[in-house]
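Colleague: Below is the structure I would like to discuss, written out as structure tokens.
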Amino acid sequence: DAAGGGGAITIVRGDGWAGLPDHGPFDAIHVGAAAATVPRALVDQLANGGRMVIPVGPDGGEQYLVQIDKDANGKVTQKKLMGVRYVPLVQNGGASS
């Protein structure tokens, strides 16, 4: 990467609500589809000091890009960044929520 930190990006196809619990915790999580609510499993997989960016809101309804931060002590905060429109996040092998 440009900052010289190395790092890798992994793209996974699967249950977006479940994440990858066996591979975390993650310093950063980007979700490319909208969840009706913030998936607790993804927040749990976020490392202390990490950040997740996820579109949140119902399919066809009001959605926001949300920034979720977990501080060094594990405290989670979230902030709405802007209104967006995304496809639904896949759950349980194909269903969306």
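The values are calculated or read from the model by the stated rules, or taken from the named source; none is laboratory data. Source: prediction; values computed, not measured. Just the protein is used for accessible areas: all its heavy atoms, side chains included, with ligands, DNA and RNA removed. Shrake-Rupley method; radii C 1.70, N 1.55, O 1.52, S 1.80 Å.
Colleague: How much mean residue ellipticity at 222 nm does the chain get from its helices, if each DSSP H run of length 4 or more adds -39500 (n - 2.57) and you divide by all residues, to the nearest 500 deg cm²/dmol? Walk me through the numbers on the way to the answer.
Modeller: Values: 1 runs with 5 residues, N = 97.
Calculated at 222 nm, the ellipticity per residue is -1000 deg cm²/dmol.
Colleague: Express the carbon and sulfur contribution to the solvent-accessible surface of the chain as a percent, rounded to the nearest whole number, probe 1.4 angstrom.
Modeller: On the way: 3230 of 6220 Å².
About 52 percent, which is the carbon plus sulfur part of the accessible surface.
Colleague: Using Rg and Dmax of the Cα atoms in Å as the read-out, say which of (i) 15.2, 47; (ii) 13.5, 40; (iii) 12.1, 39 was calculated from these coordinates.
Modeller: Derived directly from the coordinates: (ii).
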